[in-house]
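So the structure is just underneath, and the comments pick up after that.
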Amino acid sequence: MIRARVTLLACDSHLAEGCPWVFEPWEEFKMPKTFKGGGGTRFTPVIEWAEAQDEAPNLLVYFTDAQGEFPDKEPCFPVTWLVKGKTPVPWGQRVQLN
């Protein structure tokens with residue numbers, strides 16, 4: 001069981017249709033059955049969505065190969081990049097996935 005509110009967004013060049021998916025601590029966490037995508041990768045839509053909320057996230061965790069367009073400036077909340085591959089990230093904490 002997850003003891004935190006989790007907001008899941010899927011993104012390629014735009015946010016995926018149907019997101020965000022929000023899971024409260026008392027709810028079962030189930031991944032959406034499908035994600036529709038296929039465009040170039042831009043990290044900006046997720047960052048902009050998070051910045052537009054009434055409250056900044058405590059942490060943004062991004063699963064990625066880090067091959068895409070990053071925002072020009074670092075957001076005011078912490079970002080952890082879980083990266084498959086060797087591509088560097090311009091800011092935030094990078095965690096290597098093997």
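Would a scan of the stretch 37-52 turn up a residue that is out of contact with any Phe, Trp or Tyr (no Cβ under 9 Å at 6 or more places or on another chain), assigned to a loop (DSSP other than H, G, I, E, B), acidic (Asp, Glu) and exposed (fewer than 15 other Cβ atoms within 10 Å of the Cβ)? No. Residue count for the stretch 53-88 under the criterion of being β-branched (Val, Ile, Thr) and more than 14 Å from the chain's Cα centre (by Cα): the result is 1. For the stretch 71-90, the tally of residues that are open to solvent by less than 40 Å² (accessible area, probe 1.4 Å) and either out of contact with any helix residue (DSSP H, G or I) (no Cβ under 9 Å at 6 or more places or on another chain) or closer than 15 Å to residue 10 by Cβ (or both) stands at 7. Within the stretch 22-52, being of a type outside the set (Ser, Thr, Tyr) and either within 12 Å of the chain's Cα centre (by Cα) or at pLDDT 95 or above (or both) holds for 42, 43, 45, 46, 47, 48, 49, 50, 51, 52.
When the stretch 53-70 is filtered for residues that are in a loop (DSSP other than H, G, I, E, B), open to solvent by 80 Å² or more (accessible area, probe 1.4 Å) and touching a Ser or Thr at 6+ places or on another chain (Cβ under 8 Å), the ones remaining, listed by number, are 59, 67.
The values are calculated or read from the model by the stated rules, or taken from the named source; none is laboratory data. This one's a predicted model, so the numbers in the text were calculated from it and none came from an experiment. Glycine also receives a Cβ, built like all others from the backbone with ideal geometry; neighbour counts cover every protein chain displayed. Only protein heavy atoms, including side chains, enter the accessible area calculation; ligands, DNA and RNA are left aside. Shrake-Rupley method; radii C 1.70, N 1.55, O 1.52, S 1.80 Å.
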